[in-house]
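Since the structure comes first, as structure tokens, the remarks are kept for the end.
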Amino acid sequence: MNYLRKGFIILAGILLISCKKENYVLYSVDNACDSVVINQTGRNKYQFITKGRTFDGRIIKDKDSVRIMELDRGPNSKLNKLILKNERAYYPGMIDVDYFIVKKTGEKDITLSDSKWALLKHCGSSMESFKKFRFNKKEHVFEFDRGYTYVFTYKTKDSLHYKLYLKTIITEDLETERKMVYDPDFVSAEVQLIASNMVRAQFYGMKVKDSTLVYPFDYKSDKPQNVYFYKYEK
């Protein structure tokens, strides 16, 4: 009886794993608004949704972390295959087509380790002036590049959500840099890890110590804005 019970449990586990669906969202490096959604609808059956159009697809190769997906976009389409490799995706043979950052839905156990991140352009946010950042866990800082370097200390409870506090802005004018002291208790930005290779940052503003005024990072808008970044170097 115990053998039957164990066998049933193992079989149920195998069926559960085989039924687990893999869905993806692909973000264009040059325009994240043109995201592509890939939903698994059955055993080796996928639905490919882009710009309001839907195509069927299937995987024709899955080996060594490389997946090649065949798309039913019609006999005259040059974009009838998609390669997914190392958290990137691209159309084979199409040099002029920008590649995608792949976000796999349902990821678990993701952490923000020492790494470098680049801007994922997202619908023309005015905060896209922050082109990249570096997460330096050893020094306990985020370093954002905006021409000048904005250095933030941070606090986190779960290694997924971070509250950022502006420490200094490194400029060519060292005297100004030394004189400006920022409020160490004011949350200037927040960063959330939304995939192993993608974060969402929300910028609020700057506040000088002992002042009641909050200065937005961008004079065009005083509202918090979301900006997305992807990991390009570990």
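The values are calculated or read from the model by the stated rules, or taken from the named source; none is laboratory data. Predicted model only: the values in this text are computed from it and were never measured. All Cβ positions, even for glycine, are placed from backbone atoms using ideal geometry, and neighbour counts span all protein chains on display. All accessible areas refer to the heavy atoms of the entire protein, side chains included, with ligands and DNA or RNA removed. Shrake-Rupley method; radii C 1.70, N 1.55, O 1.52, S 1.80 Å.
A compact table of results
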| quantity | calculated |
| --- | --- |
| Qualifying residue in segment 30-38 (condition: touching a residue at least 24 places away in the same chain (Cβ under 8 Å), open to solvent by 30 Å² or more (accessible area, probe 1.4 Å) and part of a strand (DSSP E or B)) | no |
| Restricting segment 199-215 to residues that are more than 30 Å from residue 103 (Cα to Cα) and not basic (Lys, Arg), the residue that is surrounded by the most Cβ atoms within 10 Å (Cβ to Cβ) | 206 |
| Residues of segment 130-141 satisfying the condition of being closer than 17 Å to residue 120 by Cα and either open to solvent by less than 70 Å² (accessible area, probe 1.4 Å) or assigned to a strand (DSSP E or B) (or both) | 130, 132, 133, 134, 135 |
| Close pairs (6 angstrom Cβ cut-off, 6 or more residues apart or separate chains): in contact (Cβ under 8 Å) with a residue 24 or more places away in the chain and farther than 17 Å from residue 90 by Cβ in segment 45-65, surrounded by fewer than 12 Cβ atoms within 10 Å (Cβ to Cβ) and acidic (Asp, Glu) anywhere | none |
| Residues that are over 30 Å from residue 109 (Cβ atoms), among the aliphatic types (A, V, I, L, M) and assigned to a loop (DSSP other than H, G, I, E, B), drawn from segment 143-201 | 180, 181 |
| Test: residue in segment 12-23 that is in contact with a strand residue (DSSP E or B) (Cβ under 9 Å, 6 or more places away or on another chain), at pLDDT 90 or above and open to solvent by less than 50 Å² (accessible area, probe 1.4 Å) | yes |
| So residue 222, is it open to solvent by 80 Å² or more (accessible area, probe 1.4 Å) and at positive phi | no |
| Total residues in segment 42-93, condition of a type in the set (Gly, Ala, Ser) and open to solvent by less than 50 Å² (accessible area, probe 1.4 Å) | 5 |
| Selection status of residue 114, crowded, with 16+ Cβ neighbours inside 10 Å, charged (D, E, K, R), on the phi < 0 side of the Ramachandran plot and in contact (Cβ under 8 Å) with a residue 12 or more places away in the chain | no |
| Hey, residue 214 over 30 Å from residue 35 (Cβ atoms) and free of Cβ contacts under 8 Å to residues at least 40 places away in the same chain or not | yes |
| Where residue 5 falls short, out of the listed (1) modelled with pLDDT under 80; (2) in contact with a Phe, Trp or Tyr (Cβ under 9 Å, 6 or more places away or on another chain) | (2) |
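Let's see how each residue does on (1) free of Cβ contacts under 8 Å to residues at least 60 places away in the same chain; (2) closer than 20 Å to residue 225 by Cα:
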{"site": "129", "(1), (2)": "no, yes"}
{"site": "166", "(1), (2)": "yes, yes"}
{"site": "181", "(1), (2)": "yes, no"}
{"site": "186", "(1), (2)": "yes, yes"}
